[in-house]
Amino acid sequence: MIINNHKKIGEKLELFFFYKNINTGLPIWLPNGIYIYNKIKNIIRRINISNKYLEVNTPLIGNYSLYKKSGHIEKYINNIFKILYKKKIYLKPMNCPYHCLIYKYYNNISYKKLPIKIFEFGTVFRNEKHGELNGLFRTKMFTQDDGHIFCKNNIEIINEINKIIKIIKKLYIKFNIKEYYIQLSLRSKDSNKYIGIRKNWLKSERILLSVVKKNNIKYKIIYGEAAFYGPKIDFIIKDSINRKWQLSTIQIDYNTPKKFNIKFIDNNNKICTPIMIHRAYIGSIERFIGILIENSNGNLPIWLLKLQIIILPIFNYNDIYILNLYKKLKKNKIRCNIDKTKDNINIKIKKYEKLNIPIIIIIGEKEILNKKIFIRQKDKKFSISLNKGYKYIINYIYNN
Ligand SMILES: [Zn+2]
């Protein structure tokens, strides 16, 4: 039995849906879902801006030569969508090559300008096999909170990685993700899979291991799972049936900057190649939302919801008593609405219970007469005076 299936819950809560046989692996976002999606983006954007990232946007398609240069064509040809009528154009599988081009735009800059940090909500496409697609967890198109940091030396790399880990930990607390571990992915003995020189691999593997140890997070070392250009640490989270999914990632790369011939000038006026960190705080936003849904069994944090309170009048749709309460809640930045449709009250209650709206307020003649409101929540139903009820609501919304 599949419990907490995010696909089922997401469709019930009207967050997104998959249109059968037509858009396998391609979620269609509905207003409730895109609200959460954008809210997550805004949180990440704020973090990036306060950490001095440059936000960019790069094309959704790319030339053969770009991905040939980065090495992605060679490694992932079967996972890259080719645009049929033009053989040499691909749907973007990775954002990194474009971010290297952006660095190149500023090329030969002084070491004083480093680290240069670039980020993008980068939509990418992967031609996954039908059997590997899985709700929001594995889709054909998704958006990563993708960032690349170009550093001048190891100290800078260590500093930046520590900062990234701190941010990831804070984000997990904010989104109530409690159980996770780090997978430290290193090379296997099969050296043909990887590019670059041994010395740099050893250096970056050592850096990642020391940073992971210092940050006191449970970790496992897996050989053979490194990216072809460098070792990485991935944050692994389990879904409701204990399958493991990677969310955040941090990767050290000595090789891609060389391929793109990007440079900086060091303090001795020497031309040097920067070292690149690939990082995503949450990875695919789609997968992240899937995990949030399964983790909470559809009871998402209240601050993330498009609709926090619904007021259901019985007949007196425009009564000043109801409108005043609505205005007062709105003034307190509570996202609420009045359902003025003429449906039967029980039908309306069912509709909002299905959507997991945290507080349903019912107001009829009796409530207006006695200056009360009737509150319905998942685990309780009660009548309360308007003033006390109002205080209860504010307290509930802001402390949950
Ligand atoms: Zn990258």
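The values are calculated or read from the model by the stated rules, or taken from the named source; none is laboratory data. In this text the structure is predicted, and so the values were computed from the model without any measurement. A quick note on method: Cβ atoms are made from the backbone with ideal geometry, for glycine too, and the neighbour counts reach across all protein chains shown.
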Can you say whether K193 is of a type outside the set (G, A, S) and surrounded by fewer than 19 Cβ atoms within 10 Å (Cβ to Cβ), as far as the supplied structure shows? yes
Criterion violated by E160 - all others in (1) surrounded by 13 or more Cβ atoms within 10 Å (Cβ to Cβ); (2) at pLDDT below 95; (3) within 30 Å of I265 (Cβ to Cβ) satisfied: (2)
Within the stretch 229-265, restricting attention to residues that are part of a helix (DSSP H, G or I) and crowded, with 22+ Cβ neighbours inside 10 Å, which residue is farthest from the ligand (Cβ to nearest atom)? P257
Restricting to the stretch 93-114, and then to whatever is aromatic (F, W, Y), outside any loop (DSSP other than H, G, I, E, B) and more than 16 Å from the ligand (Cβ to nearest atom), can you tell me which residue is surrounded by the most Cβ atoms within 10 Å (Cβ to Cβ)? Y111
Can you name the residue in the stretch 36-69 that is part of a loop (DSSP other than H, G, I, E, B) and out of contact with any Ser or Thr (no Cβ under 7 Å at 6 or more places or on another chain) and is also nearest to E160 (Cα to Cα) among such residues? N51
Since K117 meets every condition but one in (1) part of a helix (DSSP H, G or I); (2) of a type in the set (K, R); (3) more than 30 Å from D239 (Cβ to Cβ), which condition does it not meet? (1)
Only one of these is more than 30 Å from I158 (Cα to Cα) and either more than 16 Å from the ligand (Cβ to nearest atom) or not polar (S, T, N, Q) (or both): L323, L292. Name it. L323
All positions within the stretch 360-392 that are basic (K, R) and either more than 39 Å from the chain's Cα centre (by Cα) or within 20 Å of K350 (Cα to Cα) (or both): K366, K371, K372, R376, K378, K380, K381
Qualifying strands (runs of 3 or more DSSP E) (wholly inside the stretch 297-400; at least 1 residues being surrounded by fewer than 19 Cβ atoms within 10 Å (Cβ to Cβ) and touching a Lys or Arg at 6+ places or on another chain (Cβ under 7 Å)): 381-385
Taking G196 as meeting all but one of (1) within 16 Å of the ligand (Cβ to nearest atom); (2) not in a loop (DSSP other than H, G, I, E, B), write down the number of the exception. (2)
Residue list for the stretch 74-84, restricted to those being closer than 19 Å to F142 by Cα and either in contact with a helix residue (DSSP H, G or I) (Cβ under 8 Å, 6 or more places away or on another chain) or not in a helix (DSSP H, G or I) (or both): I80, F81, K82, I83
Given (1) more than 25 Å from L66 (Cβ to Cβ); (2) of a type in the set (V, I, T); (3) within 16 Å of the ligand (Cβ to nearest atom), where does I222 come up short, assuming only one miss? (3)
Residue in the stretch 158-167 that is assigned to a loop (DSSP other than H, G, I, E, B) and within 17 Å of Y254 (Cα to Cα) present: no
On the basis of being at pLDDT 95 or above and in contact with a Leu (Cβ under 9 Å, 6 or more places away or on another chain), does Y223 make the cut? no
Given the structure, is I155 within 13 Å of the ligand (Cβ to nearest atom) and under 21 Å from K232 (Cβ atoms)? no
